[in-house]
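What follows is one structure encoded as structure tokens, with my remarks underneath.
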Amino acid sequence: MASLSVKPGQRFSVPDWQNNSLLISADAEQQRYNSHHIRQEGRALRNETGNQAKWDEHNTRTHLNDRINTVDRWREALARCLTDIDLEIDALSKVKEAAENAIQAKNLCLDVAIECLTFRESRRDIDVVRDPVEQELLREVKVIEKTKKQLQQQVDDAFKQLCLLKEARQQLNCDHRHKVETLELDRQCMAFNVTSGNISFKVNPTRIPDGTTALREWEQNSQNNKDRAEAEMKASVDLRGTITLTIAQTNNELDAQRIATEFALRKRIRDMEGALSELKWQEQNTLEEIAEMEEEIRQLEENIRKRTLDLKVAHTRLETRTYRPHIELCRDQAQYGLTDEVQQLEGTIRALQKKRTESQDALDALYRQLHRIQTDIGYKTNSLQLDNKCLDTRRKLVIPVEKFDPEVDAVNRSRNLPRNSQLELT
């Protein structure tokens, strides 16, 4: 008779079997819930990151486009400035050449005048006189030499101005060339997209390259280049006007000298008296300013002393608080306040010391100016006495010697000559 074969091993009860089935179902429900939640989060993340990426790319394109427009505007402005400065360089070169031609033309006039003087040196005996012709020839030589010197100085000024213009043009041209290169690079960046064949990962792309400048510095550099070029062009225009006027003046007949010595002396005395009065007024005001400046220096030194004492107190407080035990040694608001106070006091003391130094320098300058004023008062007093003596001496030309009775006031004398004087100017 066959016997029942029982498989050895652990046997579970029906409840264990049912619990195991329920646990598997519960775990399946939980895993499906978790999976659904992760899928929802993934979908939200994909939507959010996709929108953010599109917005960032749009924002980047907008910034790139704005930057391209800004750089292009500067490029156009610099290009116009380059055109203007090229025209100005050409115009100044022509005026400089005209001035050089004018100097060359004066050489013939000078040769003729010197030749005439040389001819007249052959005169003999009584004919060797200093007549009006010789005087005019000598004056002509002197005027021509003075004119040539003026023109040569302006030619030198034009040469220097041309160098400045070319230097400014070189800076403009360099800046313009850099902006053209920048526009090409930025437009290339605008053309990049996900289908471009030359895109790739780069090593540390967010680094700040050496030599990077701030936007304000970049704009200020271009503005400075443009302003300098415009300033040099304005100076060149003024110089061209001056040279053209000088050339026109030198081609005209020079005015004869018609200023009378008598009138010049009277005017000189009036000017000297006015200058002396002004100097005395300046001397008084300078003395008052010196007194006020000395008081200001004393006040500054007193403030420095007070702020130094305040700084000592702050230092002592900070040092004392370093001995707080263990966890109490914290950077609390009092610590920050004391640190700010020390920094503020140190800055205040430096500012006061700097102002004291400036005030002392100003005081020294006032003393030097006072000495200069007092010295000039002595010079002008002496010059006024000499001019008054000259004026009294010249009275012999219109007043008989036996009636000449000089009255000299060293500083403030004002004399009235007869109204019928032949030398009195109207």
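The values are calculated or read from the model by the stated rules, or taken from the named source; none is laboratory data. Keep in mind the model is a prediction, meaning the values are calculated, not measured. Cβ: placed from backbone, ideal geometry, glycine included. Neighbour counts: every protein chain shown. These area figures cover heavy atoms from the full protein model, side chains too; ligands, DNA and RNA do not enter into them. Shrake-Rupley method; radii C 1.70, N 1.55, O 1.52, S 1.80 Å.
Taken over the alpha carbons of region 335-379 as equal point scatterers, the Debye sum produces base-10 log I(q)/I(0) values at 0.23, 0.32 Å⁻¹ of -0.76, -0.96. Each peptide in 150-160, 308-318 was scored by the mean count of other Cβ atoms within 10 Å over its residues; highest first, the order is 150-160, 308-318.
Figure note: 237, 194 ranked by solvent-accessible area, largest first, 1.4 Å probe, ligands and nucleic acids not counted: 194, 237. Stretched out straight at 0.36 nm per residue, the stretch from residue 354 to residue 332 would grow longer than its current Cα-Cα span by 4.6 nm.
For the pairs 226/355; 179/234; 160/355; 312/354; 148/234, flag any whose C-alpha to C-alpha distance is greater than 29 Å. Checking Cα-Cα distances, 226/355; 160/355 exceed 29 Å.
Considering only protein heavy atoms and a probe of 1.4 Å, how much of the accessible area of region 277-370 is carbon and sulfur, as a whole percent? Of the solvent-accessible surface of region 277-370, carbon and sulfur hold 52 percent.
One way to sum up the overall shape of region 48-89 is the equivalent ellipsoid from its Cα gyration tensor, whose semi-axes run 40, 4, 4 Å, largest first. When each of the peptides 201-209, 359-367 is scored by how many other beta carbons lie within 10 Å of its residues on average, the order from highest to lowest is 359-367, 201-209. Estimated at the nearest 10 Å², the accessible area of residue 48 is 120 Å² with a 1.4 Å probe.
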